[in-house]
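The values are calculated or read from the model by the stated rules, or taken from the named source; none is laboratory data. It should be emphasised that the depicted structure is a prediction, and the values quoted were computed from it without experimental measurement. A quick note on method: Cβ atoms are made from the backbone with ideal geometry, for glycine too, and the neighbour counts reach across all protein chains shown. Just so you know, the surface numbers come from the protein's heavy atoms only, side chains and all, with ligands and any DNA or RNA stripped out. Shrake-Rupley method; radii C 1.70, N 1.55, O 1.52, S 1.80 Å.
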Amino acid sequence: EWGDHRHALDWKAESGLDGRIEWTSAPPGDRLELYATGTGFCFTRGIYLEADGQEHTITLRHQLVVSGHVVDSDSGEPVSEFNAVPGHGEDQGNPIWDRSETRRGSAGQFTLPFTENRLPWRVRIEAEGYETWISKPVSQNFSGPMEIALQRSDGANALRGVVLRPDGQPAAGAQVALLTLEHNVTLGRGRFQETGDTLIVRTDATGGFSFSSDPRA
């Protein structure tokens, strides 16, 4: 898939009832990178095998679908709109958030699938005006639903700024994106491509903007 030989080989096959697959034309003596998946199973990546005449075993992990309820910690009322983001694995002790798999929650309800075979799994909940909530590692046998109470953000540690036009006047309605190692944006036709992401905001009438105190946590 990667490197100098990207797409040099185009092969895929489906296992039989016994779970076996045979690649009869695999180049011998080369280290091949494969991935495997199936209905209801995670994407199992980074499988390195060699066509050496031996039978190799690939173990798949069942997908997990987490559902939950999100409420205001003070009133107990459902949070009207929020994002649920899955975390797969860690990088130097920090969760890796897969924003491409973000699910939009509404009326306090969400359903979030975990499709990557990288543990630990975590849930991240983001909502306008609330502190970001992050779960502890989620068990592979979790049956839910997950009960989550969000705390209102006081904004004391928020990241704030003002966007001005070339003439020094406030730029109302301008887009501002917060970029991190795991989050980037796409620019098209003079604007960012928005996907309901809390790391993209618009300025108010005074040109002001703000992000929550822990947008990367």
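Residues whose amide H comes within less than 5 Å of that of A149, counting only those at least five positions distant or on another chain, are V71 (H built at 1.01 Å from N in the peptide plane). A Förster radius of 22 Å, combined with the Cβ-Cβ distance separating I47 from Q92, puts the computed FRET efficiency at roughly 0.35.
Does the stretch 1-104 classify as rounded, prolate or oblate by the C-alpha gyration tensor (a ≥ b ≥ c root eigenvalues; a/c under 1.5 gives rounded; else a/b over b/c gives prolate, otherwise oblate)? Since a/c reaches 1.5 and a/b is larger than b/c, the shape of the stretch 1-104 is classed as prolate.
With a/c under 1.5 counting as rounded, go ahead and sort the stretch 53-179 into rounded, prolate or oblate using the C-alpha gyration tensor (a ≥ b ≥ c being the square roots of the eigenvalues; past the cut-off, prolate if a/b is larger than b/c, else oblate). Oblate, since a/c reaches 1.5 and b/c is not below a/b. Solvent-accessible surface of the chain, taken per residue with a 1.4 Å probe and all protein chains present: 65 Å².
Please check the chain for the longest run free of trypsin sites (Lys or Arg not before Pro) that are loop-located per DSSP (anything but H, G, I, E, B) and have at most 12 other Cβ atoms within 10 Å. That gives 21-188 as the longest site-free run. In the assembled protein chains, I21 presents an accessible area of approximately 90 Å² (probe radius 1.4 Å). Shown in residue order for the stretch 25-39 are the 3J(HN,Hα) couplings computed by the Karplus curve 6.51 cos²θ - 1.76 cosθ + 1.60 at θ = phi - 60°: 9, 4, x, x, x, 9, 7, 9, 9, 10, 9, 9, 7, x, 4 Hz (x for Gly and Pro). Close amide-amide hydrogen proximity is noted between G208 and V163, each under 5 Å apart and 5 or more residues distant or on a separate chain (H modeled in the peptide plane; Pro and chain starts excluded). Dividing the mean sequence gap of close Cα pairs (under 8 Å, 6+ apart) by how many residues the chain holds gives a relative contact order of 16 percent. Classify the chain as rounded, prolate or oblate, taking a ≥ b ≥ c as the square roots of the eigenvalues of its Cα gyration tensor: rounded when a/c is under 1.5, otherwise prolate if a/b is larger than b/c and oblate if not. Cα axes put the chain in the oblate bin. Of the accessible area of the stretch 50-128, computed with a 1.4 Å probe over protein heavy atoms only, carbon and sulfur atoms account for 41 percent. Remark: accessible surface ordering of L9, L199 (largest first) is L9, L199, probe radius 1.4 Å. Computed from backbone phi, the HN-Hα couplings of the stretch 172-178 come to 6, x, 6, 8, 10, 10, 9 Hz, rounded to whole numbers (Karplus: 6.51 cos²θ - 1.76 cosθ + 1.60, θ = phi - 60°; Gly and Pro given as x). Largest to smallest in accessible area, the residues W11, W133 fall in the order W11, W133 (1.4 Å probe, all protein chains included).
Taken along the Cα-to-beta-carbon direction at a fixed 7 Å, the label points for A174 and R104 span 2.7 nm. In a DSSP loop and with at most 10 other Cβ atoms within 10 Å, the GluC sites (Glu not before Pro) in the stretch 49-145 are E55.
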